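Quick one: structure below, then a few questions.
No lab work stands behind these numbers, since they all come straight from the coordinates. All of these numbers come straight from a predicted model, not from anything done at the bench. As a convention, Cβ positions derive from the backbone with ideal geometry for all residues, glycine included, and neighbour counts pool all protein chains shown.
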Amino acid sequence: MHTHATTYAYRASLLDFVADPHNEKQAARYLEDGVLIVENGKVVETLDYAALSAERRQQLTLVDYRGKLLLPGFIDTHIHFPQTEMIASYGEQLLEWLNTYTFPTERKFADAGYARKRADFFINELLRNGTTTALVFATVHPQSVDALFAAAQQKEMRLIAGKVLMDRNAPDYLQDTAQTGYDQSEALIKKWHHKGRLLYAVTPRFAPTSTPEQLALAGKLLAKYPDLYLHTHLSENKNEIAWVKSLFPERKNYLDVYAHYGLTGPRSVFAHGIHLEQDEIDTLAHSHSAVAFCPTSNLFLGSGLFRLHPLKQAGIKVGMGTDVGAGTSFSMLQTLNEGYKVQQLQGEKLSAQEGLYQATLGGARALQLEDKLGNFLPGKEADFVVLNWAATPLQQLRMENATSLGDRLFALMMQGDDRNVQATYVMGKQVF
Ligand code: GUN
Ligand code: ZN
C-alpha cells in the first residue's frame with residue numbers, strides 16, 4: 001500500500017522574522033489570519049488562509065488556532081539544567097552564590113537516577129514555556145549529560161549541551177582533571193554529537209575553574225571535531241574579572257584567556273559579556289563568537305547592565321538566555337520583559353519586534369542554526385509555539401486597549417509568561 005505523508009495546516013496569526021528589526025524595516029512578517037503548512041516535521045510554507053484553495057484544503061489536516069499567535073519556538077542560548085531546583089536562592093552575588101548554593105546542588109547529579117528525574121522536569125519546563133531549543137550546562141558528571149540528552153531525544157528536540165570542565169577552584173567533589181575532562185567529553189561527543197538533532201558543546205565552566213592545561217585540551221577537542229560548540233561564561237561580575245586577571249596575568253584581558261586556547265569562533269557562545277573592554281568586543285566580533293544576554297540573571301545577581309545595541313552594532317551575534325538558576329524564570333517573555341528594563345536603565349529601547357526577533361531568529365543565528373531554526377521559511381524544522389494574547393483579566397484589559405500590532409506585542413512581551421503558552425510543537429509534533 002502506498003502511504004502519503006500527512007500535511008498539517010495550522011491556522012492562526014503568524015509572526016516571524018527574516019532579519020533583525022533593529023536594523024531593517026521589512027524584518028517582521030505578520031499574517032493576521034494565516035496558515036503554517038507542515039509536512040514531515042518541516043515547514044512547507046506560510047500563507048494567508050484566504051489564499052488556500054478549496055482543493056488544497058481537502059488534502060490538509062487543518063488545526064484551528066484562530067485568535068492565537070503562532071511564533072517560531074523560543075531559543076534559550078544559556079541555561080543550567082541542574083540549577084532548576086535552586087532558582088531564587090537569596091542574597092549573594094556570583095562567586096558567593098556559586099559556593100553557597102550552586103556547587104552543593106550540582107553535587108547531587110553524581111547520582112544518575114537523580115539526574116534523570118531532574119532532566120525530565122527540566123525538558124518539560126522548557127516546553128511548557130514555549131522554548132524548543134536550548135544551549136545547556138549540565139554538571140561535571142558525564143551521567144548528567146546522558147540524562148539530559150536522553151530526555152531531549154525523547155521529545156526530538158534540537159538541544160546543545162555538554163559536561164562541565166572544572167579542574168581547580170571548586171570543591172573536590174565537583175572536580176575532574178584536565179585528562180579525565182578531555183576523555184569524558186570525547187566519549188560524550190562520540191555518543192551524542194549529531195545523534196538525531198542533538199549537538200555537543202565543550203563546556204569549561206569559566207576561566208577561574210580550569211587550569212591552562214584543561215583549557216588547552218578544550219581547544220584540542222574543538223580542533224579535532226570541527227562543528228562542536230564552545231559554551232562558557234565571560235565578564236559577568238567585577239570580582240570574577242579581577243580573579244581572572246590574577247590567575248592569568250600573562251593575558252591581555254578575560255576573553256584573551258579563551259582566545260589564547262582556541263576557544264573563540266562561530267560556534268562559541270559566551271554567557272553575559274557585561275563589562276567588556278573594547279579589545280574584547282573586537283575579538284568577539286572578528287571571531288564571529290556569540291554572546292548570551294541573560295537579563296533576569298544579571299539583575300538577580302546584581303552583575304550589571306548588558307550593552308545590547310553597542311555589542312550588536314559592533315557585529316556581535318546576541319542570543320537571549322534565561323541562565324536559570326541565577327536567572328529567575330524559564331519564560332522567554334519574562335526574560336524579554338527584564339531585558340527591556342535593562343535597556344531603559346541605559347536610556348535605550350527594546351521593542352517587542354526586536355525582543356521577539358532576539359528570542360527566535362537572533363538565537364538561531366547566535367547558535368549558527370539559522371539554516372534550520374528561527375523562522376517559518378520553507379524547509380525549516382517545524383518547532384513553534386502557540387500563544388494566547390491574554391491569559392489573565394489584566395492582560396485581557398490591556399489587550400483590549402492596545403492601539404496597534406506593535407502595542408499588542410509589547411503588552412504580550414511585558415505581561416506574558418508560561419500562562420500564555422497554549423501549545424508547543426517540536427518537529428511538527430505537539431509536545432505540550
Ligand atoms: N559563572 C561560572 N559559573 C556560573 C554559573 O553557574 N552561573 C552563572 N550565572 N555564572 C557562572
Ligand atoms: Zn550561567
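Condition first: under 18 Å from residue 364 (Cβ atoms), more than 16 Å from ligand 2 (Cβ to nearest atom) and not in a loop (DSSP other than H, G, I, E, B). Now tell me which residues in the stretch 283-310 satisfy that.
308
Suppose we keep only residues that are away from ligand 1 (no atom under 16 Å from the Cβ) and surrounded by 21 or more Cβ atoms within 10 Å (Cβ to Cβ) within the stretch 312-336. Which one would you say is farthest from the chain's Cα centre (by Cα)?
Per the criteria, the residue is 316.
Yes or no, residue by residue, for (1) within 14 Å of residue 75 (Cα to Cα); (2) among the hydroxyl-bearing types (Ser, Thr, Tyr):
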| residue | (1), (2) |
| --- | --- |
| 341 | no, no |
| 344 | no, no |
| 352 | no, no |
| 370 | yes, no |
| 404 | no, yes |
| 428 | no, no |
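Another question about this same structure. Could you pull out the residue among 372, 349 that is under 29 Å from residue 272 (Cα atoms), among the basic types (Lys, Arg) and more than 18 Å from the chain's Cα centre (by Cα)?
Criteria check complete, one pass: 349.
Here is a further query. Please go through the stretch 75-94 and pick out each residue that is within 13 Å of ligand 2 (Cβ to nearest atom) and out of contact with any Gly (no Cβ under 7 Å at 6 or more places or on another chain).
Once the filter is applied, which keeps residues that are within 13 Å of ligand 2 (Cβ to nearest atom) and out of contact with any Gly (no Cβ under 7 Å at 6 or more places or on another chain), the stretch 75-94 yields 81, 82, 94.
Then there's this: Among the candidates 363, 374, 347, single out the residue that is at positive phi and in contact with a strand residue (DSSP E or B) (Cβ under 7 Å, 6 or more places away or on another chain).
374
So in the stretch 76-100, with the set limited to residues that are of a type in the set (Phe, Trp, Tyr) and in contact (Cβ under 8 Å) with a residue 40 or more places away in the chain, which one is nearest to ligand 1 (Cβ to nearest atom)?
Filtering first and then ranking leaves 97.
Looking at (1) outside any helix (DSSP H, G or I); (2) aliphatic (A, V, I, L, M); (3) away from ligand 2 (no atom under 16 Å from the Cβ), can you tell me which one residue 326 breaks?
(3)
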